[in-house]
Structures are given as structure tokens and as C-alpha cells.
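Here is the structure we will look at.
The values are calculated or read from the model by the stated rules, or taken from the named source; none is laboratory data. Just so it is clear, the structure is predicted and the values come from calculations on it, not from any experiment. Every residue, glycine among them, receives a Cβ derived from its backbone with ideal geometry; neighbour counts consider all protein chains shown. Accessible surface is based on the protein model in full, side chains and every heavy atom, while ligands, DNA and RNA are left aside. Shrake-Rupley method; radii C 1.70, N 1.55, O 1.52, S 1.80 Å.
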Amino acid sequence: SIDMPACVFCGHEVDLEFKIGRLEECRHCGHYLHACMQCTFYDRSYHNKCRENQARLVSDKEGSNFCEFFKFGREVDKEKADIQKAKSDLEAIFKKG
């Protein structure tokens with residue numbers, strides 16, 4: 001089976017059959033999909049945390065944006081995805097109460 005890209009916030013796979021719109025959210029955790037942290041160019045070690053040097057500065061890396069260079073599908077190692085999923089699950093518990 002081919003691995004599908006996953007949401008960096010919860011680790012659930014995201015179906016890329018359709019283009020991701022600016023305000024589209026992960027159906028599992030509710031985070032925006034068209035966000036810097038979900039992009040293949042996101043890299044904390046680069047200036048502005050982006051490997052695309054023509055991209056404009058986006059201050060909210062978790063929020064939706066209009067970046068024309070956005071490409072969903074950041075490679076996230078399993079350990080980081082598991083940590084993010086655990087955090088997301090914990091937040092969901094406290095939001096219900």
C-alpha cells in the first residue's frame with residue numbers, strides 16, 4: 001500500500017484526491033491543512049522556517065494562509081506524529097469538559 005501524507009497535528013492520513021483549500025480542516029483534529037506546518041517546504045532550520053525562498057513571511061505557521069507555494073505532505077517521522085496525536089487527544093479531552 002502507498003502511504004498517504006498525514007496531518008502533522010494528529011497523525012491521521014489526509015486524502016489528497018482534491019486540492020486542499022485555504023480553509024480546509026483536518027476531519028480528525030480540526031487543524032488547518034493549508035498551513036505552513038503541513039507544507040513540504042516547512043523547515044524550522046531555515047529563515048522564516050521555509051525552504052521556499054520566494055515565499056512571503058507567514059507569522060502564524062499553524063493557521064491557514066494564502067501561500068502560492070504551498071504543497072501538502074510534510075514528512076513527519078512516526079515518533080513526532082505519535083507525540084502530536086497524544087497532545088491532540090489530550091486537548092480534545094479538556095475541550096469536551
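If the only charges are +1 at each Lys and Arg Cβ and -1 at each Asp and Glu Cβ, what is the size of the charge dipole of the chain around the Cα centre, to the nearest 20 debye?
300 debye
Give, in nm to one decimal, the length gained when the segment between residue 4 and residue 57 is fully stretched (0.36 nm per residue of separation minus the Cα-Cα distance).
16.3 nm
Using only the alpha-carbon atoms, how far is helix 78-96 inclined from the longest principal axis of the chain? Give it as 0 to 90 degrees, nearest 10.
60 degrees
Taking the chain as a Gaussian network, Cα atoms linked when under 10 Å apart, which of 34, 12, 47 shows the biggest mean-square fluctuation?
47
In deg cm²/dmol and to the nearest 500, what is the mean residue ellipticity at 222 nm of the chain if only DSSP H runs of at least 4 residues count, each as -39500 (n - 2.57), divided by the residue total?
Result for the chain: -6500 deg cm²/dmol, rounded to the nearest 500.
Trypsin sites (Lys or Arg not before Pro), restricted to region 1-75: which are DSSP loop and have at most 15 other Cβ atoms within 10 Å?
For trypsin sites (Lys or Arg not before Pro) across region 1-75 that sit outside H, G, I, E and B with at most 15 neighbouring Cβ atoms in 10 Å, the list reads 19, 22, 27, 44, 51, 56, 71.
Within the chain, what's the longest run with no GluC sites (Glu not before Pro) in a DSSP loop and at most 11 other beta-carbon atoms within 10 Å? Give the range, please.
With GluC sites (Glu not before Pro) excluded where exposed in loops, the chain gives 18-67 as its longest stretch.
Kindly provide the chymotrypsin sites (Phe, Trp or Tyr not before Pro) of region 1-42 that DSSP labels as loop, not H, G, I, E or B, and whose Cβ sees at most 16 other Cβ atoms within 10 Å.
Answer by residue number: 18.
Carbon and sulfur: what percent of the chain's accessible surface (1.4 Å probe)?
The computed percentage sits at 50.
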